[in-house]
Amino acid sequence: HRAAQVVIRPMTSPAIERALEAVEIDAGVTYLENEPLQHVRKVPLYRERYVFVVRRGHPAASNPTIGWKEAAAQRLCLLSEDMQNRRIINNIAASIGVEIKPAIVGNSFLAILSHVRHGGWASIVPHTFAQLFFGGADLVAVDLVEPSHRQSVGLVLSDREPLSPMSGALLSAIANVEFERDLETAGVG
């Protein structure tokens, strides 16, 4: 809508919950199952899976899949542990008795993938980042298996009635969007 002002900013899930409660924001996008928020309306958007990212030429680049144990043994650049995505990765690895020990940590996928692109590093990122960051032919995403894992990502809104006009408009705008299909069509599914 022309009158809408959209502000995109990174926030932790608890910060999203507090901002919704304080009516400082109309909506947020976050993981729905991991560290679930209370007192919010949840609208699933898509299921995220994780891929192992390396430079073309890395020994794993030609494989269709890689196991978590093998991936964890690589020289990794990952998000810092204050990021929920990293805690999810740690939990998946721990579920099979593996500890993740990255050599480089950061709070930005752009910084992490910059290291992978320009050095002998690897990373574990959501599959949805393939379309955003893999514009060139220098990075390769390899599906992570053993275990395969999917994580629900969705929209969270205040659990109040009536919804704010902006929240209602946002729900209407996404009502007929099929994010999973759109990701597959874009080659990210």
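Classify region 102-183 as rounded, prolate or oblate, taking a ≥ b ≥ c as the square roots of the eigenvalues of its Cα gyration tensor: rounded when a/c is under 1.5, otherwise prolate if a/b is larger than b/c and oblate if not.
Cα axes put region 102-183 in the prolate bin.
Probe 1.4 Å, all protein chains in place: accessible area of residue 29 in Å², nearest 10?
Per-residue accessible area (residue 29): approximately 90 Å².
Excluding ligands and nucleic acids, what accessible area in Å² is computed for residue 171 using a 1.4 Å probe, to the nearest 10?
40 Å²
Measuring from the lowest to the highest alpha carbon on each principal axis, how far does the chain reach, largest first, in angstroms?
That gives 55, 32, 26 Å along the principal axes, largest extent first.
Suppose all protein chains stay in the model; what accessible area per residue would a 1.4 Å probe give for region 1-123, in Å²?
57 Å²
Determine the order of 47, 9, 117 by accessible area, beginning with the largest, at a probe radius of 1.4 Å.
Putting 47, 9, 117 in descending order of accessible area: 9, 47, 117.
Are there any GluC sites (Glu not before Pro) in region 1-99 that are in a DSSP loop and have at most 15 other Cβ atoms within 10 Å? List them by number. Working shown, then result.
Values: sites: 17, 21, 24, 33, 48, 70, 81, 99; in loops: 24, 33, 81, 99.
Sites meeting the loop and neighbour criteria: 24, 33, 81, 99.
Mind checking region 1-43 for trypsin sites (Lys or Arg not before Pro) that DSSP puts in a loop (not H, G, I, E or B) and that have at most 11 other Cβ atoms within 10 Å?
Working: sites: 2, 18, 41, 42; in loops: 2.
Taking region 1-43 and a limit of 11 other Cβ atoms within 10 Å, the loop trypsin sites (Lys or Arg not before Pro) found are 2.
Probe radius 1.4 Å, ligands and nucleic acids ignored: give me the carbon and sulfur share of the accessible area of the chain as a rounded percent.
53 percent
Local charge sum around residue 39 (other residues, Cβ-Cβ under 10 Å, Lys/Arg +1, Asp/Glu -1)?
After counting each charged neighbour, the total is -1.
The values are calculated or read from the model by the stated rules, or taken from the named source; none is laboratory data. Keep in mind the model is a prediction, meaning the values are calculated, not measured. For neighbour counting, all protein chains shown are included, and Cβ atoms are generated from backbone atoms with ideal geometry for every residue, glycine included. Side chains included, ligands, DNA and RNA excluded: accessible areas come from the protein's heavy atoms. Shrake-Rupley method; radii C 1.70, N 1.55, O 1.52, S 1.80 Å.
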